[in-house]
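The structure appears below as C-alpha cells.
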Amino acid sequence: MTSNHAFSAPARGLLVAGAFALVVTVLQSAASILAPILLAVFVAIVTTPMLRWMRGRGVPKWGALMAITFVLLDVGSLLALVTTGAVEGFRDRLPTYQERFMTFSHQFGGWLEGVGASGSREAIPDLLDPNKVVHGVRLFLSNASGIFAMGFLVLLATIFILLEAPTIPAKLRAAFHLTEEGDARLKRLLDTVNRYMQIKTLTSLGTAACAWLLLRFFGIDFAILWAVLAFFLNFVPVVGNIVMMIPPVLLALIQIDPWTALLVAIGYLVINTVIGNVLEPRIMGKGLGVSTLAIFISLLFWGWLFGTVGMFLAVPLTAAVVIALDANPHTRPLAILLGPEI
C-alpha cells in the first residue's frame, strides 16, 4: 500500500531554491566557457537575417557565410586597431595628465578647505587616484592578446551557429516535442531578442557618433576612444549612460577647464536623453516586457555571473528568462513580477 503526499508550498519553494542555487553554481563555474558562447549566440541572432536575405537572393550558403565572416572580421580588426592605438596614445600622455590632475586637485582642495571642508587637499587625490588609471591602462594593453583571442573564439562559434541556424528550430521541435504554442513562444523570443539587438546596435552607433562629434568640437583628446567606449556602454542598462561620460568629462576638466567639462557633461546628458529616452523607446515600441527594477537587478545578477559579457547581455537574457517563466503555470507569477507594469 502506497501513499502519495503532495509537497506543501514551503517544501516546493525550498526545492526550487535549491535547484536554482545548484544551476547558478554550475553556471558560474563554467562562466569562462559560457560567456563567449552566449556572446556568439547573440551575434548569430543579429546576423541571421543577413544570412536569410542573401540566401533568399540565390547566394550559396558558403558564400553567405564567407561574406558575414569577412564583415565581422573587418569590423573587429578595425575596432581593435583603433582602440589599441588610442589606448597606447592615452598611456603615453598619462604622465602629463597626471601632473595636471595633481595641480588641479591641489587648487580645488584648497578652495574646498577655504569654504570649510578640512582635509580636502589630501582626500581628492585619494578619491580619484591617477595611479589606478595607469594600472588599468597597462592591464588592458597587457591583456589585449587575450581579448582578441576571445573575439576570434566568438567569431568561430558564431560561424558554427550560423551553419546550424536553418535546422535549429526543427531540432528543438523534435527534441522537446514543442506544441504550436511553444513554437510560437520560441519564435517570439528569437524575434524579440533579434529586434532588441538590432535596434540597440543602431542606437549605440548613433550615441558613439554624437559623442565623437561633441568631443571633437571641444577639442578633447582621444575622442575616438571615448566614442568606442560609448558604443559598448550603451548596451549596459541603467548605469552605462552614466559611466560612459565620466572619462571624457574628467579629461576635459584636466585638459581644458571646468566650464568645458560642464559643457561636455551637459552634451552627454542631452545625447543620452534624446537617443535613450526619446528615439529608442519610439523605435523599440513596447520593448522586451521587462520592468525597470527587473532590468537593474538583472544587471547585477548577470554581471556577477558572467562578468562584462553578462552586463552587456543583461536585458535580452532577462527577456528570455521571463518568456521561459511565462510558459509554465507554476512559474508564471514570477514572469508577471519581472514583467512591465500592468
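Summary of values
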| read-out | value |
| --- | --- |
| Some residue of segment 276-286 being of a type in the set (G, A, S) and at pLDDT below 75 | yes |
| Helices (runs of 4 or more DSSP H) within segment 162-233 that include 3 or more residues farther than 22 Å from L251 by Cα | 168-176, 180-218 |
| Some residue of segment 206-228 being β-branched (V, I, T), open to solvent by 50 Å² or more (accessible area, probe 1.4 Å), within 27 Å of A80 (Cβ to Cβ) and at pLDDT 80 or above | yes |
| Tally, over segment 44-63, of residues that are part of a helix (DSSP H, G or I), surrounded by fewer than 20 Cβ atoms within 10 Å (Cβ to Cβ) and not aromatic (F, W, Y) | 10 |
| Where V278 falls short, out of the listed (1) without any contact (Cβ under 8 Å) to a residue 60 or more places away in the chain; (2) closer than 28 Å to F104 by Cβ; (3) surrounded by fewer than 17 Cβ atoms within 10 Å (Cβ to Cβ) | (2) |
| Qualifying residue in segment 250-258 (condition: touching a residue at least 60 places away in the same chain (Cβ under 8 Å), closer than 18 Å to L205 by Cα and either open to solvent by 20 Å² or more (accessible area, probe 1.4 Å) or outside any helix (DSSP H, G or I) (or both)) | no |
| Residue that is within 25 Å of A31 (Cβ to Cβ) and at pLDDT below 90, where the choices are A252, A294 | A294 |
| Test: residue in segment 334-341 that is modelled with pLDDT of 75 or more, more than 16 Å from the chain's Cα centre (by Cα) and closer than 23 Å to G276 by Cβ | yes |
| Checking F70 against (1) modelled with pLDDT under 85; (2) among the aromatic types (F, W, Y); (3) assigned to a helix (DSSP H, G or I), the condition it does not meet | (1) |
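The values are calculated or read from the model by the stated rules, or taken from the named source; none is laboratory data. Everything numeric in this text was worked out from a predicted model, so none of it was measured. Ideal geometry is used to build each Cβ from the backbone, glycine not excepted, and the neighbour counts take in all protein chains shown. Remember, those area values only see protein heavy atoms, side chains included, never the ligands or the DNA or RNA. Shrake-Rupley method; radii C 1.70, N 1.55, O 1.52, S 1.80 Å.
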